[in-house]
Amino acid sequence: FLEYKRNNKKFKHILVIIYCLTKMRYFIPVTSLGTNKLASTFISHIYYLHRTPDNVILD
C-alpha cells in the first residue's frame, strides 16, 4: 500500500515507475500530470540514473 501524507502542498500526485524485471520501484512526487512535466520528470530522475543501454537483446 502507498500512503501519501500531504505535508507539502506543492506536490499533488505521485509518479510510480516499476521495472518488472528487477522489481525496482520509483515513487516520485510531481506537481502536475501534464505530458511535458511527466517527460521532464522521467528524464531528470530515471534516465539520469540509468542512461541508454549499451546493447539491447531481443528474444
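No value in this document is a laboratory result; all are computed from the given coordinates. All of these numbers come straight from a predicted model, not from anything done at the bench. When we count neighbours, we look across all protein chains shown, and the Cβ atoms used for this are built from the backbone with ideal geometry, even at glycine.
Some values worked out for this structure:
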item	result
Point-to-point label distance, ASN36-ILE14, nm (Cα→Cβ direction, 7 Å offset)	2.8 nm
VAL56 versus ILE43: modelled label distance in nm, points set 7 Å from Cα along the beta carbon direction	1.9 nm
